[in-house]
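Here the structure comes first, spelled out in structure tokens, and everything after it is commentary.
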Amino acid sequence: MTLYASTHNPGKLREFLRACEQSAISDLIVQPLPRLEDIAPPDETGETFEENAVLKALYYSKFCVGCVFADDSGLEVPALGGAPGVRSARYAGENATDAQNNALVLQNLKGSVDRNARFVCVIALAQRGKLLHVVRGTVEGDILTEARGSNGFGYDSLFFYPPFKRSFGEIGPDEKFAVSHRGQALRSLFDWISRPPDQLA
């Protein structure tokens, strides 16, 4: 079975491919959506990760015969009212870099005692404009006062994971995938796909 990933983010794509390699589904193949670079991205107008993931999955599934999945994920910081939230990739502006987004989070949290945070990932699966399934994964942690580690992408170097006593930027991809929001969501999706047809509901 081939699933097509509709992401322009190379970091996410690496994690999707890694998840496929670790999956127990022997015939599962994950590939980038064909000609994705030629498809204009939809406006992400949803107010939740679920709304944006579904919006993107339905949109991109119209460009392919097979099953297409889309994720919407990001960082939620309660002390910032849940921000960056659905605007995680563009928190510091539409074309912001990871460094700029990280800097703005640190600036807005300056002096805050409450540095609790969570990563959220929602993945929607669709085929030819029909929504098939939606899964969600979360992981709790804290925002450091400065970046630590150069692994990962996005806010990983700021996200301290207490059980490992390290940031996501300080751990390897396999360690991260075992506990991350995206790893949880992908395992849930693959578990659903592996069920007998009469249980796919």
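At a glance:
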| read-out | value |
| --- | --- |
| Exclusive hit being part of a helix (DSSP H, G or I) and surrounded by fewer than 15 Cβ atoms within 10 Å (Cβ to Cβ), set 15, 21 | 21 |
| Complete set of residues in the stretch 158-201 that are in contact (Cβ under 8 Å) with a residue 40 or more places away in the chain and among the polar types (S, T, N, Q) | 180, 184, 188, 194 |
| Lone qualifier among 86, 139 - being under 18 Å from the mean Cα position of the chain (by Cα) and part of a strand (DSSP E or B) | 139 |
| Hey, residue 160 over 27 Å from residue 46 (Cα atoms), modelled with pLDDT of 95 or more and part of a strand (DSSP E or B) or not | yes |
| Residue identified as surrounded by fewer than 17 Cβ atoms within 10 Å (Cβ to Cβ) and touching a helix residue (DSSP H, G or I) at 6+ places or on another chain (Cβ under 6 Å) among 138, 97, 145 | 138 |
| The lone exception for residue 31 - which of (1) touching a residue at least 60 places away in the same chain (Cβ under 8 Å); (2) part of a strand (DSSP E or B); (3) among the polar types (S, T, N, Q) it fails | (1) |
| Looking only at the stretch 163-176, and only at residues there that are within 30 Å of residue 132 (Cα to Cα) and at pLDDT 90 or above, the one that is surrounded by the fewest Cβ atoms within 10 Å (Cβ to Cβ) | 175 |
| Matching option when the condition is crowded, with 17+ Cβ neighbours inside 10 Å and of a type in the set (S, T, N, Q), among 150, 157 | 157 |
| Any chance residue 65 is assigned to a loop (DSSP other than H, G, I, E, B), among the β-branched types (Val, Ile, Thr) and touching a residue at least 12 places away in the same chain (Cβ under 8 Å) | yes |
| Sole exception among (1) in a helix (DSSP H, G or I); (2) aromatic (Phe, Trp, Tyr); (3) touching a helix residue (DSSP H, G or I) at 6+ places or on another chain (Cβ under 7 Å) for residue 153, by number | (1) |
| Test: residue in the stretch 67-78 that is closer than 25 Å to residue 118 by Cα, over 13 Å from the mean Cα position of the chain (by Cα) and surrounded by 19 or more Cβ atoms within 10 Å (Cβ to Cβ) | yes |
| Long-range neighbours under 9 Å by Cβ, at least six apart or interchain, first residue farther than 14 Å from residue 176 by Cβ within the stretch 141-157, second β-branched (Val, Ile, Thr) and buried (at least 19 other Cβ atoms within 10 Å of the Cβ) | 143/77; 143/105 |
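The values are calculated or read from the model by the stated rules, or taken from the named source; none is laboratory data. Only a predicted model underlies this, so the values are computations on that prediction, with no experimental measurement involved. Neighbour counts run over all protein chains shown; Cβ positions are idealised from the backbone, glycine included.
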